[in-house]
């Protein structure tokens with residue numbers, strides 16, 4: 001039985017992590033923690049998330065001493081802001097914990113990336129090189145050896161799972177960059193109140209055009225340039241990514257099917273459609289990424305759907321933990 005800590009447990013992702021870990025037969029949730037300044041410190045977790053009353057009734061403890069909190073802990077999940085994860089991960093690693101960071105603090109091995117896109121100067125370049133990118137279906141062998149897993153972002157997960165099989169199989173004409181138009185529910189902005197993400201204020205609009213921090217994350221790990229435009233939709237959760245690409249001359253629909261089969265036939269949390277395209281209703285509350293495509297001549301449109309809080313965050317983090325710790329990949333997820 002592994003002793004596990006969730007830091008940043010009061011948010012939406014923290015709640016989903018608690019649900020998965022609570023029913024995991026190899027895991028004991030040793031503590032749920034928030035920052036010492038959090039207004040939620042001292043509250044009972046199930047009072048904050050009433051759907052978990054009687055299931056997870058632990059107190060939300062203020063994190064004041066990392067060394068003390070890490071005693072006896074095997075695995076730590078950081079569902080914290082990027083700057084907070086940047087400061088906490090080295091301390092938990094020094095205490096011997098395996099760390100799964102759900103922020104963007106260690107996803108890209110380029111210190112300048114953090115100055116430009118995250119607004120802080122990265123002080124742990126050694127850990128940027130050490131961190132394994134947590135796109136579970138494509139990094140499983142590296143995850144098995146990792147002490148620090150930087151769980152992939154929600155938009156990058158959907159985008160890369162849709163595109164990587166085509167890139168790896170050499171199907172795309174890379175002179176035409178893939179164009180990714182993706183829409184996320186408002187839960188992607190977190191639980192903290194904001195006028196720009198208030199449900200009553202949100203319509204449907206693009207944001208972060210040419211400046212969103214997930215674009216360089218996608219490019220860094222996909223290995224080819226893309227145009228990425230995120231949109232905020234007036235629904236609670238889920239991501240739908242519609243991606244337009246140009247195929248190399250001679251690439252057929254059969255070649256596309258083979259590329260996706262080779263990539264995912266033994267990957268239980270990616271479901272590739274034989275016909276039709278996925279919708280959000282198929283993945284909300286589920287740990288899957290669903291993928292479908294349509295081909296017309298030299299053009300292909302690939303559609304990927306996922307729950308941004310699950311396959312885009314908590315479910316993928318637990319999937320990475322299962323791989324790292326030698327459990328069945330879908331333990332507690334299905």
- request: State whether one or more residues within region 154-165 are in a loop (DSSP other than H, G, I, E, B) and either touching a strand residue (DSSP E or B) at 6+ places or on another chain (Cβ under 8 Å) or buried (at least 17 other Cβ atoms within 10 Å of the Cβ) (or both).
  value: no
- prompt: Is it true that some residue in region 151-163 is over 15 Å from the mean Cα position of the chain (by Cα) and farther than 15 Å from residue 221 by Cβ?
  reply: no
- request: Go through the residues of region 302-311 one by one and say whether even a single one is surrounded by fewer than 24 Cβ atoms within 10 Å (Cβ to Cβ) and either at pLDDT 95 or above or more than 19 Å from the chain's Cα centre (by Cα) (or both).
  value: yes
message: Return the pair list, or none, for Cβ contacts closer than 7 Å from residues in region 197-216 that are under 20 Å from residue 152 (Cβ atoms) to residues that are part of a helix (DSSP H, G or I), at least 6 apart or on different chains.
response: 213/117; 214/155; 214/156; 216/113; 216/117
Out of 58, 32, 48, sole residue that is within 24 Å of residue 98 (Cβ to Cβ) and surrounded by fewer than 20 Cβ atoms within 10 Å (Cβ to Cβ): 58
Residue 266 being under 30 Å from residue 27 (Cβ atoms), assigned to a loop (DSSP other than H, G, I, E, B) and touching a strand residue (DSSP E or B) at 6+ places or on another chain (Cβ under 6 Å): no
- prompt: Looking at region 92-113, which of its residues are touching a helix residue (DSSP H, G or I) at 6+ places or on another chain (Cβ under 7 Å) and not in a loop (DSSP other than H, G, I, E, B)?
  reply: 92, 98, 99, 100, 101, 111, 113
message: Just to verify a result, which residue in region 51-75, among those that are assigned to a helix (DSSP H, G or I) and modelled with pLDDT of 90 or more, is nearest to residue 18 (Cα to Cα)?
response: 69
query: Consider residue 1 against the criteria (1) modelled with pLDDT of 95 or more; (2) under 17 Å from residue 325 (Cα atoms); (3) touching a strand residue (DSSP E or B) at 6+ places or on another chain (Cβ under 7 Å): it satisfies all of them except one. Which criterion is unmet?
result: (1)
- request: Using the structure shown, decide if residue 149 is at pLDDT 95 or above, surrounded by fewer than 23 Cβ atoms within 10 Å (Cβ to Cβ) and either touching a strand residue (DSSP E or B) at 6+ places or on another chain (Cβ under 9 Å) or outside the structural domain of residue 302 (by TED's automatic domain parsing) (or both).
  value: no
Sole exception among (1) closer than 12 Å to residue 158 by Cα; (2) touching a residue at least 60 places away in the same chain (Cβ under 8 Å); (3) assigned by TED's automatic domain parsing to the domain that holds residue 166 for residue 316, by number: (3)
message: Just to be sure I understand, how many residues within region 56-73 are touching a helix residue (DSSP H, G or I) at 6+ places or on another chain (Cβ under 9 Å) and closer than 15 Å to residue 9 by Cα?
response: 8
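Every residue, every condition in (1) part of a helix (DSSP H, G or I); (2) surrounded by 14 or more Cβ atoms within 10 Å (Cβ to Cβ); (3) in the same structural domain as residue 40 (by TED's automatic domain parsing), yes or no:
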position	(1), (2), (3)
212	no, yes, no
215	yes, yes, no
220	yes, yes, no
228	no, yes, no
241	no, yes, no
261	yes, no, no
task: Among what's in region 267-296 and is out of contact with any helix residue (DSSP H, G or I) (no Cβ under 8 Å at 6 or more places or on another chain) and in contact (Cβ under 8 Å) with a residue 24 or more places away in the chain, pick the residue that is surrounded by the most Cβ atoms within 10 Å (Cβ to Cβ).
output: 278
query: Does residue 235 satisfy the condition of being in a loop (DSSP other than H, G, I, E, B), at negative phi and surrounded by 14 or more Cβ atoms within 10 Å (Cβ to Cβ)?
result: yes
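The values are calculated or read from the model by the stated rules, or taken from the named source; none is laboratory data. Remember, it's a predicted structure, so these values are computed and weren't measured experimentally. Because the Cβ atoms are built from the backbone with ideal geometry, glycine has one as well, and the counts that use them run over all protein chains shown.
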